[in-house]
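Presented below is the structure to which this report refers.
Just so you know, all these numbers are worked out from the coordinates, no wet-lab data involved. Here the structure is a predicted model, which means the values were calculated and not measured. With ideal geometry, Cβ positions are generated from the backbone for all residues, glycine too; neighbour counts draw on all protein chains shown.
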Amino acid sequence: MIRLLLFLLALLSVRAAASQDDPMGTATWPARQAELFGDAPVVFDPRVRVMAPPVAEDPLQVPAAVDIDASLAPRRVVVFADYNPIVKVLAFEPHGTRPYLAFRLKMQQSGPLRAAVLDATGVWRVGHTWISTTGGGCTLPALARGDAEWERRLNEVWARRWRDGPHAGRVRFRILHPMDTGLAPGIPAFFLQSLTLTAPSNRPLMRLDVYEPVSENPVFTVDLPPGTSPASLRLTGRDNNGNLVEADIP
C-alpha cells in the first residue's frame, strides 16, 4: 500500500509539472505540446540548452546548437520552432555521440526555438531560446536554384574532423541540397529526410530525421566522446525523392 501511494504521488507530481506554464509566455505552447507530445508528461528543464544568436540577420541561415546534460540519457531529441509554418526542424538520436548537435535552420518570423528530450522515464524535457529575425525564411526559394550545376552536385558531402585540442572527436559535415520547403511559389518540397553517421563496424553513432526548415546546404556538427573517435566514419541518408547520400569521412 505504501509503495502504491508513493507511486501515485510521483505520478501526480509529474503530471503537475507537465501542466506548468510556458516560461516564454507563448499562446501557441498548449497546441504545440498537444501536437508533438500528446498526453506524455512534459517539463521545462535547464539541462536542455538551446543556443542561437538573439538576433538572426539572415532568416535563411540561422545558426543553432542543442547541448544536453548527459545525465538525462536522452533517447530522442526533437527540435522545433513554434511560429514556423512547418514546426518540426529536425530530430536526432545520439547513440555513440555526445548529446550535442549544431545545425542551421530557416525562421519564418521571430519566436522560440525549442528542443525536447525524451528521457529514460518517458518524460519530455524542454529547453528553449528566443530568436529575433526579419522573417520569411521558410517561404523564400533556395539560392542554389540560381546555380546551373546544383543538380549535378546534389548530395555532395564536405567534412572535417578534429583530433586535437578541446574538440577532439568533433565532426562537421555539409551536404549540398536546396532543402525546399514547398512553400515558395511553384517549387515543390524537396529536402533531406534521414541521415545516419556510423562507425566502420556499421554501429550507428547518430541518427537524424531532417525536415524542411533545415537550411539549404545543411551543416551539422556532432561530438564523439574522448577516446572513442574511430579511424573512419560513414555518412548515409536519403532525401524525399529517394536520392541517396553516401560519403566516407576518413
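What the Cβ-Cβ distance of TRP130 and ARG152 gives, at R0 = 35 Å and to the nearest 0.05, is a FRET efficiency of 0.30. Build a GNM of the chain with springs between Cα atoms under 10 Å apart, and of ALA31, ALA116, ALA159 the one that fluctuates most is ALA31.
The angle separating the long axis of helix 2-18 from the principal Cα axis of greatest extent in the chain is about 50 degrees.
Every pair of different Cα atoms in the chain enters the Kirkwood calculation, which places the hydrodynamic radius at 19.1 Å. The order of the peptides 45-52, 243-250 by mean Cβ neighbours within 10 Å, most packed first, is 45-52, 243-250.
At full extension, ASN202 and LEU143 could sit 17.8 nm farther apart than now, given 0.36 nm per residue minus the alpha carbon distance.
If you plug the beta carbon distance of ASN243 and ALA27 into 1/(1 + (r/R0)^6) with R0 = 30 Å, you get a FRET efficiency near 0.15. Near ASP67, once Lys and Arg are set to +1 and Asp and Glu to -1 for all other residues with Cβ below 11 Å from its Cβ, the sum equals +1. Estimated translational diffusion coefficient (Stokes-Einstein, Kirkwood radius over Cα pairs, 25 °C, 0.890 mPa s) of segment 106-196: 148 µm² per second. Can you compute the FRET efficiency between THR236 and SER71 using 1/(1 + (r/R0)^6), with r the Cβ-Cβ distance and R0 = 35 Å? Round to the nearest 0.05. The pair THR236/SER71 has a calculated efficiency of 0.70.
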